[in-house]
1. Can you say what percent of the DSSP beta bridges in the stretch 181-283, counting only those with both residues inside, are antiparallel? Round to 5.
2. Expressed in nm to one decimal, what extension gain is obtained for the pair residue 376 and residue 392 from 0.36 nm per residue of sequence separation less their Cα-Cα distance?
3. Order these peptides, 106-113, 76-83, by their mean beta-carbon neighbour count within 10 angstrom, highest first.
4. For residue 133 and residue 257, calculate 0.36 nm times their separation in residues minus their Cα-Cα distance, and state this gained length in nm to one decimal.
5. How high is the relative contact order of the stretch 39-191? Use alpha-carbon pairs under 8 Å, at least six apart in sequence, and give a whole percent.
6. Apply the Karplus parameterisation 6.51 cos²θ - 1.76 cosθ + 1.60, with θ equal to phi minus 60°, to every residue of the stretch 184-194 and state each ³J(HN,Hα) to the nearest whole Hz, in sequence, with x for glycine and proline.
7. Collect residues whose amide H, placed 1.01 Å from N in the peptide plane, falls under 5 Å from the amide H of residue 69; neighbours closer than 5 in sequence don't count.
8. Considering only the chain, what is the antiparallel percent among its DSSP beta bridges, to the nearest 5?
Amino acid sequence: MSANVAEESEAGTEESEPETALETAKRQLARATAHVDIDPNVVERLERPRKIHEVSLPLRRDDGTVEVLTGFRAQHDSVRGPYKGGLRYHPEVTRDECAGLAMWMTWKCAVMDLPFGGAKGGIVVDPKQLSHKEKERLTRRFTQDIRSAIGPTKDIPAPDMGTDPQTMAWLMDAYSMQQDETIPGVVTGKPPEVGGSYGREEAPGRSVAIITREACDYYDYDLAETSVAVQGFGSVGANAARLLHEWDANIVAVSDVNGARYDADGIDVDQIPSHDEEPEAVTAATGVGEQLTNEALLELDVDVLIPAAIGNVLTEENANDVSADMIVEGANGPTTFAADAIFAERDIPVIPDILANAGGVTVSYFEWLQDINRRAWSLERVNEELEVEMLSAWADVRDEVESQDLTWRDAAYVVALKRIAAAHEFRGVWP
């Protein structure tokens, strides 16, 4: 997962095993505290989640058999507001992963100055092996088992890997039925027909595109002459690629789980379905450039590389082979601890995930406001408000980069920690 270096001398340490999200999050916190005047007692509180809920979930399969699965909901810090974070269905979900991702959500919300703290949840299951009805039963059971821990003023889940707006609609319905009233604000990322926000699904990719545009402007790249490679063509990668293409950037490579397509003259990404529209459509496309591996895409000689698929793809093993001039993180945690140090030594700017893909949680905040006020916003208003929030966060992080000569990741953490530390100082410790 993405990381910064606690000590520069550790850049050459071996990376035989991928580091966990929790390990990375703790290292990032330790690194950032060197640049912030923060009470050590506050740091100690931030080093661990406040609560981790673990539940056993009996799932009745369509054939009548019962399988017991494990689910988690990690709640990191709520000093600035209710917990907020995604819910993923994936076979590699772990307790530590949820805890680390919850910490990242705390930083992400603080960077965006949203009145939320960080949470993350997941069920250890392969969603591809679930029928529609099995997924619904599993979601409803999980909702019931964590019902006391969630709510519009407690903890607000959202879609993540393996979940979608339909999953959130089931969760909202299960929660509402037990509360005996319709409570759309218990989750975000729902369909608009049941209180969801227009633009929510596209928001993480849109924010990646906005931050890429601003970073190119900062480093004096003409966007129309900028080559971009995007690893992953799901919701984040496809929406980022399409918007940058609309703004005249040259998208030269895109990929799915099976491989990549590359054309130095540019790819018309509007003609390729996203993973949500048609799984694995990139490599299935005919007449679109040459086929490469995902690993080769990461090493292309391009101006901007956007890893927007999964975590831990930029590692100590391939960091020196990366030829991009700049990296904008679309996925959560695509850059490992050691790789981040190598990029810093090579003067390759890395715009961190907690800024670049924060459009998702930002529009989730908009959705939460709409649900509380029972007043929907237009897509135009959502996109306009998102633009304002992303530019404000970009300016805050840029100011720290310039004033303290920090990396972009360190600067983002400094912005977040200043806000979180101030909130802890004002609220104190009870009793």
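The values are calculated or read from the model by the stated rules, or taken from the named source; none is laboratory data. Note that the structure is a prediction, hence the values are computed from the model and not measured. As a convention, Cβ positions derive from the backbone with ideal geometry for all residues, glycine included, and neighbour counts pool all protein chains shown. Side chains are part of the model used for accessible areas, which takes the heavy atoms of the whole protein and leaves out ligands, DNA and RNA. Shrake-Rupley method; radii C 1.70, N 1.55, O 1.52, S 1.80 Å.
1. Numbers: 4 of 8 bridges.
Counting DSSP beta bridges with both partners in the stretch 181-283, the antiparallel share is about 50 percent.
2. Details: separation 16, 0.36 × 16 = 5.76 nm, distance 2.36 nm.
Taking residue 376 through residue 392 to full extension adds about 3.4 nm, to one decimal.
3. Values: 106-113: 26.1, 76-83: 22.4.
Ranking the peptides 106-113, 76-83 by packing returns 106-113, 76-83.
4. Details: separation 124, 0.36 × 124 = 44.64 nm, distance 2.61 nm.
Separation in residues times 0.36 nm, less the Cα-Cα distance, equals 42.0 nm.
5. Details: 322 pairs, mean separation 35.4, N = 153.
Reported as a whole number, the value is 23 percent.
6. x, x, 6, 9, 10, x, 7, x, x, 5, 10
7. Those qualifying (amide H under 5 Å, at least 5 residues apart or on another chain) are 57, 59.
8. Values: 24 of 48 bridges.
Percent antiparallel among DSSP bridges in the chain is about 50.
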